[in-house]
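Only one structure is covered here, and it is reproduced in the block below.
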Amino acid sequence: MQTDVLIVGAGPTGLALGIDLARRGIAALVLERADGLFPGSRGKGLQPRTMEVFDDLGVLDAIRAAGGRYPVGMIWRDGERLGEHAMWDPIEPTEEAPYTEPWMVPQWRTQQILRARLEELGGRVLFGREAVDLDQDGTGVRVRCGDGTALRARYAVAADGGRSAVRRAVGVGMTGRAVDPGPALVADVRITGLDRENWHLFPPGEGGDGLLALCPLAGTDDFQVTARFPEGTDVDLSLDGIRKTVASRTHLAPEDVTEVRWASDFRPREALADRFRAGRVFLAGDAAHIHSPAGGQGLNTSVQDAYNLGWKLGAVLGGGADPALLDTYEEERRRVAAEMLGLTSGVHRGEVRRGKATAQLDLGYRDSSLARETRPAPDGPVRAGDRAPDAVLDGVRVFDACRGPHWTLLALDTAAPALPDAVRVVRAAAHRAYGTGLFLLRPDGYIGWAGSAEAEGLADYLARVALT
């Protein structure tokens with residue numbers, strides 16, 4: 001079987017990339033070794049920047065309907081409520097940043113929504129197909145599967161998790177360290193005897209056990225239980241084992257845990273792949289970076305990987321752009337992933353508060369070779385490489401104008417040059433979010449080129465991204 005892109009792994013990374021490629025008319029196939037989608041809640045928090053991405057990919061309404069706001073934390077001790085605990089610093093929404101709070105959706109539900117959108121666009125997931133080896137040449141990649149079949153594509157993307165078989169097959173190393181020496185438990189359970197208005201927190205006791213938390217999962221009847229254990233503990237994932245853990249650290253009785261729907265144990269660690277590209281193979285998501293779950297950054301950083309890579313693959317495969325454009329994926333995303341790993345570990349250790357730092361709205365690519373700032377004296381707050389803020393420009397909302405796989409030019413109090421039909425032009429007066437000038441917005445919502453009426457270097461930039 002031949003296709004343009006093989007995406008190995010049907011997690012949020014692979015599904016989001018599949019959606020982005022499908023809407024560009026790029027033939028892509030998602031391979032998943034399991035017989036179905038991941039069944040657990042693990043990555044339950046969607047950060048504001050991810051909500052912006054999901055708006056563009058056409059799944060925001062479904063994501064909002066499936067989830068809800070995070071509840072306020074409630075600290076317990078000896079069966080008594082000690083008081084509320086703010087889990088993150090609130091951020092007031094503005095016109096420029098309409099989504100400012102994390103939105104809770106269990107990972108299994110997010111993946112269902114992404115898969116439905118992928119199939120709506122004509123894409124598909126091939127389940128029960130485990131990638132075990134890979135080789136490549138100057139024209140493509142061949143992925144061999146555990147059932148003896150082989151698939152060929154022009155490019156492949158490893159989105160197959162922290163133990164990525166594809167990453168190992170292309171010989172890319174991963175450098176990391178333990179964030180916490182002790183293991184942790186995460187499980188989806190049914191519980192009686194607790195309200196669903198709070199995220200229930202049970203601090204460590206005198207016995208040496210770590211924090212235990214019970215969080216009601218929005219849109220479900222489940223709670224997610226997370227618990228830390230001393231180094232060397234063998235975590236019991238059975239119903240009886242989880243009952244004992246909950247009962248020993250809370251005021252609940254063992255039988256109050258009525259069902260375990262999914263459970264996993266892990267050692268919190270951080271790791272970063274040495275490279276994000278090996279020839280025609282790209283690494284994304286957990287295959288490229290592994291986070292402690294404490295900061296709520298892993299799934300979100302992974303979706304941003306897909307969003308960055310999707311339009312570049314589309315430009316090369318469907319628009320005739322120079323394949324060298326694909327080098328900017330590693331250039332831009334590896335640095336961001338490294339920053340997010342440091343942030344995540346800081347949250348895990350209690351050194352960084354959740355809030356503005358974890359919203360991912362301030363991430364950008366000013367140092368990228370794809371960021372061209374040609375204005376000698378910009379009069380607004382943004383520069384090339386920054387996230388393009390939302391705004392209403394003479395009645396036109398920026399996010400509405402940008403929704404879709406195209407590029408967008410904002411001409412603010414400045415005459416717009418002639419541009420190819422592939423670029424949508426918005427002409428308006430100056431706005432506080434931008435100032436005046438010309439702003440060429442990439443399909444992933446970042447300012448690629450910024451300039452004045454002379455449009456210095458714009459033609460060369462358009463040629464580089466195949467928009468001539």
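The values are calculated or read from the model by the stated rules, or taken from the named source; none is laboratory data. All figures in this text were calculated on a predicted structure; none of them were measured in a lab. No Cβ is skipped: glycine too gets one built from the backbone with ideal geometry, and neighbour counts run over all protein chains shown. Ligands, DNA and RNA are stripped out before the accessible areas are found, and what is left, the full protein with its side chains, is counted by its heavy atoms. Shrake-Rupley method; radii C 1.70, N 1.55, O 1.52, S 1.80 Å.
On full extension of the chain, what length is gained from Thr468 through Ala416, given 0.36 nm per residue of separation minus the C-alpha to C-alpha distance? Working shown, then result.
Numbers: separation 52, 0.36 × 52 = 18.72 nm, distance 1.57 nm.
Result for the pair: 17.2 nm of gain on full extension.
Once a ≥ b ≥ c are taken as the square roots of the eigenvalues of the Cα gyration tensor of segment 6-112, is the result rounded (a/c under 1.5), prolate (a/b larger than b/c) or oblate (a/b not larger than b/c)? Please report the intermediate quantities before stating the final value.
Details: a/c = 3.61, a/b = 1.63, b/c = 2.21.
In terms of gyration-tensor shape, oblate.
Under a point spin-label approximation (7 Å from Cα along Cα-to-Cβ), what is the Ala338-Ser368 distance to one decimal in nm?
The two pseudo-label positions are separated by 1.7 nm.
How high is the relative contact order of the chain, given as a whole-number percent (alpha carbon pairs under 8 Å, six or more residues apart)?
Details: 1060 pairs, mean separation 77.8, N = 468.
Relative CO of the chain lands at 17 percent.
Roughly what would the spin-label model give for Arg77 and Arg124, points 7 Å off Cα along C-beta, in nm?
Between Arg77 and Arg124, the simple spin-label model gives 5.9 nm.
Hey, what's segment 313-363 come to in accessible area per residue, 1.4 Å probe, Å²?
Details: 2010 Å² over 51 residues.
Value returned for segment 313-363: 39 Å² of accessible area per residue.
Please sort 190-203, 260-273 by packing, taking for each peptide the average over its residues of neighbouring beta carbons within 10 angstrom, highest first.
Details: 190-203: 15.9, 260-273: 17.7.
The densest-packed peptide leads the list: 260-273, 190-203.
Calculate for the chain the 222 nm mean residue ellipticity that helices alone would give, adding -39,500 (n - 2.57) per DSSP H run of length 4 or more and normalising by residue count, nearest 500 deg cm²/dmol. Let's see the in-between values first.
Details: 10 runs with 114 residues, N = 468.
For the chain, the value works out to -7500 deg cm²/dmol.
Using a basic spin-label model with each label point 7 Å from the Cα along Cα→Cβ, how many nm lie between Ala324 and Ala65?
Between Ala324 and Ala65, the simple spin-label model gives 4.7 nm.
Taking the Cα centroid of segment 106-149 and of segment 311-351, what is the distance between the two, rounded to the nearest whole Å?
21 Å
Against the longest principal axis of the chain, how steep is helix 298-319, in degrees 0 to 90 to the nearest 10, with axes from Cα atoms?
With rounding to tens, the tilt is 30 degrees.
Once the piece of chain linking Glu92 and Leu237 is laid out straight, how much longer is it, given 0.36 nm per residue of separation minus the C-alpha distance between them?
Details: separation 145, 0.36 × 145 = 52.20 nm, distance 3.98 nm.
Fully extending the segment from Glu92 to Leu237 adds 48.2 nm.
Relative to the present Cα-Cα distance, how much length would full extension add between Glu197 and Arg383 at 0.36 nm per residue of separation? Before the final figure, lay out each step's value.
Values: separation 186, 0.36 × 186 = 66.96 nm, distance 4.20 nm.
This chain segment gains 62.8 nm when fully extended.
Measure nothing fancy, just the Cα-based angle from helix 48-57's long axis to the longest principal axis of the chain, in degrees from 0 to 90, nearest 10.
Computed tilt is about 60 degrees.
Name the shape class, rounded, prolate or oblate, that the alpha-carbon gyration tensor gives for segment 62-201, where a ≥ b ≥ c are the square roots of its eigenvalues, rounded holds for a/c under 1.5, and otherwise prolate holds if a/b is larger than b/c and oblate otherwise. Show your work: numbers first, answer last.
Working: a/c = 2.35, a/b = 1.87, b/c = 1.26.
Prolate, since a/c reaches 1.5 and a/b exceeds b/c.
Using a 1.4 Å probe on the protein heavy atoms, what percent of the accessible area of segment 145-216 belongs to carbon and sulfur? Mind dumping the intermediate values first?
Details: 1410 of 2930 Å².
Percent of accessible area from carbon and sulfur atoms in segment 145-216: 48.
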